1. The conditions are (1) surrounded by fewer than 20 Cβ atoms within 10 Å (Cβ to Cβ); (2) over 29 Å from the mean Cα position of the chain (by Cα); (3) within 23 Å of B:LEU263 (Cβ to Cβ), and B:HIS168 fails exactly one of them. Which is it?
2. Grab the strands (runs of 3 or more DSSP E) fully contained in segment B:167-256, keeping just those with 2 or more residues being more than 10 Å from chain A (Cβ to nearest Cβ) and in contact (Cβ under 8 Å) with a residue 40 or more places away in the chain.
3. Looking at this structure, is B:ARG24 more than 25 Å from B:ARG101 (Cβ to Cβ) and part of a strand (DSSP E or B)?
4. Within the group B:ALA285, B:ALA290, which residue is under 12 Å from B:VAL264 (Cα atoms) and open to solvent by 60 Å² or more (accessible area, probe 1.4 Å)?
5. Among all residue pairs at least 6 apart or on different chains, which show Cβ distances below 8 Å where the first residue, located in segment B:58-80, is of a type in the set (Asp, Glu) and the second is open to solvent by 60 Å² or more (accessible area, probe 1.4 Å)?
6. Which of the numbered conditions does A:HIS57 fail, given that it passes all the others? Conditions: (1) within 23 Å of A:ILE27 (Cβ to Cβ); (2) over 13 Å from the mean Cα position of the chain (by Cα); (3) more than 14 Å from chain B (Cβ to nearest Cβ).
7. Please determine, by comparing only the residues of segment B:9-54 that are β-branched (Val, Ile, Thr) and modelled with pLDDT of 90 or more, which one is farthest from B:THR119 (Cα to Cα).
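The values are calculated or read from the model by the stated rules, or taken from the named source; none is laboratory data. Being a predicted model, the structure only gives us computed values, none of them experimental. Positions of Cβ are backbone-derived with ideal geometry, glycine not excepted, and every protein chain shown enters the neighbour counts. For accessibility, only protein heavy atoms count, side chains too; no ligands or nucleic acids. Shrake-Rupley method; radii C 1.70, N 1.55, O 1.52, S 1.80 Å.
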Amino acid sequence: MSNQRKILKLSRIEVEPNYADRTWQIIEHGINQIFNHNDRELSMEELYRAAYNMVLHRFGEMQYNGLVVTVTRHLEEMRKSIESAEGSFLDELNRKWTDYTESMQKIRDILMYMDRSYVPTHHKTPIKEVGLNLWRDHIIHSAKIQTLLVDSLLEEIHRERMGEVINHGLMRNVIKMLTELGVYQEVLESINAFEDVIINSFKYLAL
Amino acid sequence: MTTGSTASAGDSRVETIARLGQWRIDTFGPCSYRRSDSFRLGIWNWYLSVEKNRVMVVRLYPEPCRLAKEQPPLARFMLRVSNTAPGRRCCVSPVHEKVLRGSDDFVWQVDSMFHGRFTVDVEFLDLKIASINGGEPSPIWPDEDMLQPLASRSSLRCLSRMLSESIHTDVTIRTSDGDLRAHKAVLSSTSPVFASMFFHDLRENQLSTIDIDDMTLSSCSALLGYIYGDIDQGEFWKHRVALLAAADKYDIADLKSCCEESLVEDIGLGNVLERLQEAWLYRLAGLKKACMSYLFEFGKIHDLRDEINAFFRQADRELMVEMFHEILGVWKSI
């Protein structure tokens, strides 16, 4: 038996004051940069390490809630910009959706440890699903966007019937988004020309 | 090469190549029966025998031993008897497919008689291990048992050379005290964290550099050693706590459980509290259980009074609650 047993020392992180707040600020800054397309200078390792250590030292809940708040803030900005889009509404919606899913993919990878550790042990919704839910609640469920969406879809279908060439790729992306969100049915039901739209939109999905 | 033949005659030996066995009999001698030396084809040792009475009979059978009993051969084969004398004659058997266990399982009566020098050929078209309990026979050709380990060894050798000789490395790892070179592809296939780092177009991908400030050069090179299949026990032992942390961080499950097992092996008075803390931090159920049992069931906590006081002052509440329950559990059972 060793005569001088060392007294256990806890790691630096746990004794550091405001550790969790300061770490979350680093991660939040990273998330903001990603949403602002200013992420080429960001270090994934640095952000991942910060997020990893936070969850490891049992600050998973703070990270999880912080994520929801930060993403929501960005979604509110996106909502305004989609609602006041000049030019094609569907174009703008699709552009923002593509941006959003790409950003969320990066954020999810940075917060991978939370998905792996905190989410299953605390029976939380995984980040991917959280991302979809937030987009649905803040963008698709906005009354203004919903009206614009239904009108635009109907208009496109009408234009095609009149013999105009429409952007099939765009239609397909928008309908795929609605399917992924699980709100396709919901959107359809708010349309009077119910059957028409079903028939036509299946055509786009099959393209 | 020695013939391994018996004293009877130098021409008992069966030469083999690929799936063919060939027995050249120079003189049949005075007796009416000859048996060849055993020869190996597939995983079995075989015998051929020729019996000449009124008619000529050829037999083929595996060496009677445990192997032939437990894994009897299911053979598809044909035999040929021919003489080399002028006026060359030759008898060919039909193709047989049979489970061969003993000398009576296959008997071929040759249509004509051969005298003087002649040759018996056996050609195996296929060999399988017959199933004893009625299942599917298992093929022995192609021999995967030989190929797979060979291929694994060869690819391990390649991998470790890629690391040790820095062959076409494409990423620099900057540790707290020095740089290492590695391959994005290898790192990405080991860890989803590295994979995502090189998937997105952020700084690591742009600069082909990862700053791993929380590892030292020596522990990071132990990590790479593990990833590239080239790490010795001593190095692993020395760095296992750092390797545990890295395995948890980069989601390398097999390394993590290997470190955990190793940390369980040498729990002692000097390290049990540290180990418990690590087990709690990295959520290692096995290590935690072992530490708790060392402390409480085996009563070693009594030898650690001073340390345990300091530990209780600092340890996480969640862990303290777990320890408390453990103590209650032990009391109950007394």
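1. (3)
2. Filter on segment B:167-256 gives B:178-182.
3. When the stated conditions are applied, B:ARG24 passes them.
4. B:ALA285
5. B:GLU70/B:ILE132
6. Checking A:HIS57 against (1) within 23 Å of A:ILE27 (Cβ to Cβ); (2) over 13 Å from the mean Cα position of the chain (by Cα); (3) more than 14 Å from chain B (Cβ to nearest Cβ), the one that fails is (3).
7. By that ranking, first place goes to B:ILE43.
Per-residue answers, yes or no, for (1) charged (D, E, K, R); (2) assigned to a loop (DSSP other than H, G, I, E, B); (3) open to solvent by less than 50 Å² (accessible area, probe 1.4 Å):
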{"position": "B:ARG40", "(1), (2), (3)": "yes, no, no"}
{"position": "B:VAL57", "(1), (2), (3)": "no, no, yes"}
{"position": "B:LEU74", "(1), (2), (3)": "no, no, yes"}
{"position": "B:ASP104", "(1), (2), (3)": "yes, yes, no"}
{"position": "B:PHE124", "(1), (2), (3)": "no, no, yes"}
